[in-house]
Amino acid sequence: MHELSLATSIADIVHRHARGRRVTRVEVAVGHLRLAMPSALAFGFELASMGTLFEGAKLDVRQVPLRARCRVCGEEVEPETWPLPCPTCSSYELAISGGEELRVEAIEIDDGSTRGARERRCVGKLVELATAFVEGGELAPASPLSQARREVEE
């Protein structure tokens, strides 16, 4: 279940960008080729956020379809499976142009006012920013998520 490690990375990114503020919602884009089940990702995020200021935050997962462009004829396609030949020229020379995404697109912050505040910003690709460290089923003491849990406990 690689979704748990992805969810832990999402939680780490949310912690760094929330800067101690309560988070109510997180929007994530996940490409088809990442093979992440939205329900498993949401469950993993629920586990990873326990004991933090974003415990109970809703994780909205937007699935991004696989997209490719044929290198031979230039046709843009959205294949259901991979590899798939170009429907126009039958070539297998397709260049992937979408469906590999894995990023936190936005976080919703509760600023304490009656209307609430929404802070939207792309916080980067998870594959570049994710640094959640797991040792023996527990987060390593140096990880930002472990620090977030200690801050809530204090």
Selection count, segment 50-83, where residues are farther than 15 Å from E27 by Cα, open to solvent by less than 40 Å² (accessible area, probe 1.4 Å) and not β-branched (V, I, T): 6
Residues of segment 84-103 that turn out to be more than 12 Å from Q63 (Cα to Cα), touching a residue at least 24 places away in the same chain (Cβ under 8 Å) and surrounded by 14 or more Cβ atoms within 10 Å (Cβ to Cβ), as a count: 2
Exactly one condition in (1) farther than 30 Å from D111 by Cβ; (2) open to solvent by less than 70 Å² (accessible area, probe 1.4 Å) is not met by V28; state its number. (1)
Regarding S49, is this residue closer than 14 Å to R103 by Cβ and among the polar types (S, T, N, Q)? no
When you check V23 against the structure, is it β-branched (V, I, T), in contact (Cβ under 8 Å) with a residue 24 or more places away in the chain, closer than 30 Å to L94 by Cα and open to solvent by less than 70 Å² (accessible area, probe 1.4 Å), yes or no? no
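Conditions (1) under 12 Å from the mean Cα position of the chain (by Cα); (2) part of a loop (DSSP other than H, G, I, E, B); (3) of a type outside the set (G, A, S), marked per residue:
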residue: A29; (1), (2), (3): yes, no, no
residue: L33; (1), (2), (3): no, no, yes
residue: G44; (1), (2), (3): yes, no, no
residue: M50; (1), (2), (3): no, yes, yes
residue: G56; (1), (2), (3): no, yes, no
residue: L59; (1), (2), (3): yes, no, yes
residue: R69; (1), (2), (3): no, no, yes
residue: V72; (1), (2), (3): no, yes, yes
residue: P83; (1), (2), (3): no, yes, yes
Kindly indicate whether any position in segment 62-83 is among the β-branched types (V, I, T) and in contact (Cβ under 8 Å) with a residue 60 or more places away in the chain. no
Can you name every residue in segment 39-49 that is without any contact (Cβ under 8 Å) to a residue 60 or more places away in the chain and surrounded by 15 or more Cβ atoms within 10 Å (Cβ to Cβ)? A40, L41, A42, F43, G44, F45, E46, S49
Positions within segment 1-25 being in a helix (DSSP H, G or I), in contact with a helix residue (DSSP H, G or I) (Cβ under 7 Å, 6 or more places away or on another chain) and under 16 Å from D110 (Cα atoms), in sequence order: H15, R16
Failed criterion for I109 (all others in (1) outside any strand (DSSP E or B); (2) open to solvent by less than 80 Å² (accessible area, probe 1.4 Å) hold): (1)
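The values are calculated or read from the model by the stated rules, or taken from the named source; none is laboratory data. Worth saying up front: this structure is predicted, and the values here are computed from it rather than measured. Positions of Cβ are generated from backbone atoms using ideal geometry, with glycine treated the same way; all protein chains shown enter the neighbour counts. SASA here: full protein model, heavy atoms, side chains in, ligands and nucleic acids out. Shrake-Rupley method; radii C 1.70, N 1.55, O 1.52, S 1.80 Å.
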